[in-house]
């Protein structure tokens, strides 16, 4: 299991907190901290797609500044198309747009442990499934996690 942590550059400190919480649970994470001036446009998109292909899950760090991001919604879209299990991390759930509320959201660092438990369970349960069957099962992951988080 490896989690792609999507974030806007202004939320880098919060994103690093998410990565540290994942790593404390023995989960590998990828946090992209590129200087967008060095890698732009299609090259950046190709880079992000390549990094995402090495990950099995996505957590999007969402704050008030995410509304001005082009890349966080794009990464959520790519993850959704790939049917990667995904969740948002936000300290302000009221900021989430409706479309992000269909997926689980984590609002405390302690919620990451619950996320990891469910993600590992999902990985165990889908390990022997075909790719198409596993894609269907990711909705079960979202449903179970939302239930455990009281959503």
Percent relative contact order for region 59-132, counting Cα pairs under 8 Å at least six residues apart, stands at 27 percent
Two pseudo-spin positions, 7 Å from Cα along C-beta at residue 46 and at residue 144, lie apart in nanometres by 3.9 nm
Note to self: C-alpha centroids of region 41-64 and region 83-128 sit apart, in Å, by 16 Å
Normalised per residue, the volume inside the convex hull of the alpha-carbon atoms of the chain in Å³ amounts to 105 Å³
Computed, not fitted: 222 nm per-residue ellipticity of the chain from DSSP H runs ≥ 4 (each -39500 (n - 2.57)), nearest 500, equal to -15000 deg cm²/dmol
For 141-151, 15-25, ranked highest to lowest by mean beta-carbon neighbours within 10 Å, the order is 15-25, 141-151
Label model pair residue 108, residue 30: point-to-point distance (7 angstrom along the Cα→beta-carbon line) in nm is 3.1 nm
Length gained, residue 124-residue 12, 0.36 nm per residue minus C-alpha separation, equals 37.2 nm
If the chain between residue 98 and residue 20 were fully extended at 0.36 nm per residue, the gain over the current Cα-Cα distance would be 25.3 nm
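Read-outs: derived from the displayed coordinates by stated rules, not from any lab. Everything quoted here is computed from the prediction, not taken from an experiment. Quick reminder, even Gly has a Cβ in these numbers, built from the backbone with ideal geometry, and neighbours come from all protein chains shown.
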